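Peer 1: Have a look at the structure that comes next, please.
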Amino acid sequence: MAGKIKIAVVGGGLAGLAATMKIAEAGYEVDLLSVVPVKRSHSVCAQGGINGAVNTKGEGDSPAKHFDDTVYGGDFLANQPPVQKMCEMAPSIIYLFDRMGVPFSRTKEGLLDFRRFGGTLHHRTAFAGASTGQQLLYALDEQVRRFETDGKVNKFEGWEMLSLVLDDHQVCRGLIAMNLQTLELKEFSADAVIMATGGPGLIFGKSTNSMVCTGSAVSACYQQGAKYANGEFIQVHPTSIPGEDKLRLMSESARGEGGRVWVPRNTDDKRNPKDIPETERQYFLEEKYPAYGNLVPRDIATREIFQVCIEGHGVGGENQVYLDLTHIPAETLDRKLGAILEIYEMFVGDDPRHVPMRIFPGVHYSMGGLWVDFEQRTNIPGLFAAGECDYSIHGANRLGANSLVSCVYGGFVAAPNAIDYAKNVERKNTETNGVHATELRRQQEINLQIIKNKGSENQYKLHEEMGKWMTDNVTVVRYNDRLKATDEKLLELQDRFKRISINDSNLWATQAVPHARQLKNMLELARVITLGALQRDESRGAHYKPDFPNRDDERFLKTTIAEWSAEEPILSYEAVDIGLIEPRKRDYSKGGKKEGKQPQETLRLAEQAAASGLPVKEGADQIREGGYDQKPENLSGAKIWSQEKGELIDPETEAETRVQQGKDIDAAGGKQTDER
Amino acid sequence: MSEANGHKEKPRLTNPPKTIDFRISRRERLGAQQYTETFEIPYRKNLNVISALMEIRKNPVTKEGKQTTPPVWDMNCLEQVCGICTMVIDGRVRQSCSALVDDLLIGSGGNTITLEPMSKFPNVRDLQVDRTRMFNHLKQVQAWVELDGTHDLGAGPTMTQAVQQERYAYSRCMTCGCCLEACPQYHDDNYIGPQAIAQARYQNMHPTGKSTIDERLNGLMGEDGITNCGNAQNCVQVCPMSIPLTRAIYETNRDITFNALFGWLRK
């Protein structure tokens, strides 16, 4: 049935495998490229679950409500039609994974179980223990392996895409990739290319992302003319475990169980934290927000922790604060937080029952990515994108458990559209005028240049510097002067990049050449993120500027579009399709147990306080925009750790607590991301 | 408080050395001679093996002061869920992301940590190995559920919580290769090994997957099949995901025997 067309999919995570499976199933041939064996892609790190309004709990949930929650959670920056389509497709995606054998958690009756997540009042999240991404990825990996056995899929694992092959009309004709063992470059001729390469977390040095999440291939597309949208929207999770190598997530429930956040009053205090007396500890959240203490909403927690560290007051002067559980009996902790504490113990080596944990906010997810239309087509004919590397679904902020569903949705939409395009495109390989060979030579020359460069700069140190600048200035709190300075720094790093010399004389399986290429591409995307943030003078979703603390729909209810030029990214703005749900103020304090109401004056004071970074004087209400008129409940209360569900549960008050939790989390900007 | 609760404090490195030596197996390329180089890095708290390697990579100079090439190793998720960074550390196969320097030093009592590549797979370079054969094993046992199609056909079969939980345990296998490295029977890819047997078991337990159990069992009955298991039970001890590998082998053996005895009845 299949005509002679060939499609290349770049990236073997959830989105890439979803697209590959659909194309192979339709009878067409796929070249699937991945830097690592596809089973080792970053999707395995997603924990919490996958959203779909299956409504098995008699709650009246529906795709329409899922749609509203997603658009609202994204602060109305997402084009609404694809979000609606995704939410409508979500239940069938979950059922498909069920049929593929994903061991989703079950009810007593043997049906799929669903749990609640932030940003919704419904049980909408299907989950497999506490590692759902792993099981979903493996299910697709199995199906794709089946097609591979049938000869439909050609896997190229250990190949990194370097660039697109574009013909004289800027039409995508394939791509160039590099074998990471031999450094051999190869042209992959294709009638359509689907990008599914994930996020760019490594631009920030350390993040919760895997080491392959450089954004390098996407950056290459951008530099060849693909539009990059909403780059400035980067989600930061308030509590992650700073490692020497990466950041790992620490669930919010640690604070819910009474964890206290503090730093030594004297930054030079080198004592063991347990030897520092109470009076010499600064419980900065409790001091600044006496009403909420450590249970301030996530965005406030994120910003405060960040601010303390940036000002040099972190533990040991470094980017870390204590999250202390040691005042709680160990047996209570084991009962309520066991599995979470084990993760901390495994990677840090300290027992959080006896030693305060060290935590810091961590870059987690990019809402921005390649611009695509509602059919997942980029602006380059023949080039498609799906998953975290496209910008389409999450607007200014992503809701938990929506990333897995958006990956699969993107892959499922991109695949048939790529087939349609490939079938109809005017294409004959004889008419490509040798563009493949030309591009291959261009890429070879870049490699040669990197190899023969002899300068004094060290690529890994440049990467660290970029990561530090981006983390310090382009994450949680953004100021225009610092964003400008960051862009100047990035220009300096781009200049210094020209003088790196790789420190590996053995080119077999070297990691130096690929890393150098990734670094160059990361620097380009870093500028897109930084300048996008600089120009967006408002606060929306994950993007927060104290100097512009409000959402400004009049000026900025728009998609940021970046186009590459040799000098700097050219930014423009595109209207957002808001035809289905009218934008309204994000206010999660309504509709819960109590109505929140806010005098304007209090609101203004609280905003000022947040902006100034100074402790608020006693008596001032610690209330953020949208307002709270009560202390948020202990997020987990008297719950127990359920090994089976992989979460804290309390049968009696679960529903109520969850309502409150959803409220809190989303009032906090919806940054509930420790479970995707 | 802790003592009152009967909590055993984990042993801590009370007197850390100033520097740590990493003895790293080097190999320039497939088939080249293996040799060892030692790198000295200053001790810091909270180091894991990966961050030590990152430190060494930045400026690869041996302890003797010789400029050398940076050691090459694989890493990705760094959360012990992708399986890629597996290597042999102080003689034990494990993931290098979750191998903490303090624990290793306590374990050895010295200030030297030895890193070697897994020995049962082609050694690409330094600490990097090629585990393609493990993915081929998954093909051999047809470790997937046969679908009629990926279009919308409604919900899958119901399943009890007990079966779901048992399958979940198997679903956590990240194809890291620890079980094969530790298996005394496995060498030169002569035996399909615990990983693939457990994945066959995982699919055989699924109500739909069960329908192709014969094909899967056939994949385990060849020369490299399940009978190679010598019951040393090393696999289950080194598995970082605590997968009940020996149970999978036992139950799959049982299925094969059952099929041999009664399979003809179904013909």
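The values are calculated or read from the model by the stated rules, or taken from the named source; none is laboratory data. The model shown is predicted, which means the values in this text are computed figures rather than measured ones. Quick reminder, even Gly has a Cβ in these numbers, built from the backbone with ideal geometry, and neighbours come from all protein chains shown. Areas reflect the complete protein model, heavy atoms only, side chains present, ligands, DNA and RNA absent. Shrake-Rupley method; radii C 1.70, N 1.55, O 1.52, S 1.80 Å.
Peer 1: Please report the buried accessible area for the interface of B with A, total over both chains, probe 1.4 Å, in Å² to the nearest 100.
Peer 2: By this definition, chains B and A bury close to 6800 Å².
Peer 1: Dividing the Cα convex hull volume of segment A:1-102 by residue count, how many Å³ per residue is that?
Peer 2: Dividing the Cα hull volume of segment A:1-102 by its residue count gives 157 Å³.
Peer 1: In nm, to one decimal, how far is the A:E563 label point from the A:E287 one, both placed 7 Å along Cα→Cβ?
Peer 2: For the pair A:E563/A:E287, the computed spacing is 5.1 nm.
Peer 1: Over 20 Å intervals from 0, what percent of Cα-Cα pairs in the protein assembly as shown sits in each interval?
Peer 2: All Cα pairs, binned at 20 Å, distribute as 14, 49, 34, 3, 0 percent.
Peer 1: How many angstrom separate the Cα center of segment B:177-214 from the Cα center of segment B:109-134?
Peer 2: 22 Å
Peer 1: Segment A:93-114: which residues show an accessible-area loss of 20 Å² or more, assembly versus chain alone, 1.4 Å probe?
Peer 2: At a threshold of 20 Å² (probe 1.4 Å), the residues of segment A:93-114 that become less exposed are A:Y95, A:L96, A:D98, A:R99, A:M100, A:G101, A:P103, A:R106, A:K108, A:G110.
Peer 1: If I build a Gaussian network model for chain B, linking alpha-carbon pairs within less than 10 angstrom, which residue out of B:H151, B:H206, B:H137 has the largest mean-square fluctuation?
Peer 2: It is B:H151.
Peer 1: Roughly what % of DSSP beta bridges within the protein assembly as shown run antiparallel, to the nearest 5?
Peer 2: For the protein assembly as shown, the DSSP antiparallel bridge percentage is about 75.
Peer 1: Once each part is reduced to its C-alpha centroid, what is the distance from segment A:84-138 to segment A:1-63 in angstrom?
Peer 2: Here the answer is 15 Å between Cα centres.
Peer 1: Using a Gaussian network model of chain B with C-alpha springs under 10 Å, which one of B:M241, B:M159, B:M205 is most mobile by mean-square fluctuation?
Peer 2: Result for chain B, Cα springs under 10 Å: B:M159 fluctuates most.
Peer 1: Counting only heavy atoms of the protein chains, get the accessible area per residue of segment A:440-547 (1.4 Å probe) and round it to a whole Å² value.
Peer 2: Here the per-residue accessible area is 37 Å².
Peer 1: Got a number for carbon plus sulfur as a percent of the protein assembly as shown's accessible area, 1.4 Å probe?
Peer 2: That share works out to 49 percent.
Peer 1: Within segment A:261-357, report the GluC sites (Glu not before Pro) that DSSP leaves as loop and that have at most 13 other Cβ atoms within 10 Å.
Peer 2: A:E311, A:E318
Peer 1: If you build the convex hull over the alpha carbons only and average its shadow over all orientations, what do you get for segment B:19-129? Give it in nm² to one decimal.
Peer 2: Dividing the Cα hull surface by four gives the mean projection, 6.6 nm².
Peer 1: For segment B:19-129, what's the relative contact order in percent, using C-alpha pairs closer than 8 Å and at least 6 residues apart?
Peer 2: Once divided by the residue count of segment B:19-129, the mean separation gives 33 percent.
Peer 1: Moving on to the next point. With label points built 7 Å along Cα→Cβ from the Cα atoms of A:H169 and B:E146, find their separation and express it in nm.
Peer 2: Result for the modelled spin labels: 4.5 nm.
Peer 1: A follow-up question, please. Rounded to the nearest 0.05, what FRET efficiency do A:A485 and A:H354 give with R0 = 60 Å and r taken as the Cβ-Cβ distance? Could you check?
Peer 2: 0.90
Peer 1: Now, a different point. Could you tell me the center-to-center distance, by alpha carbons, between segment A:149-224 and segment A:313-370 in angstrom?
Peer 2: What the calculation gives is 35 Å, centre to centre.
Peer 1: Quick check on segment A:440-547: take the gyration tensor over C-alpha atoms, sort the square-rooted eigenvalues as a ≥ b ≥ c, and tell me if it's rounded (a/c under 1.5), prolate or oblate.
Peer 2: prolate
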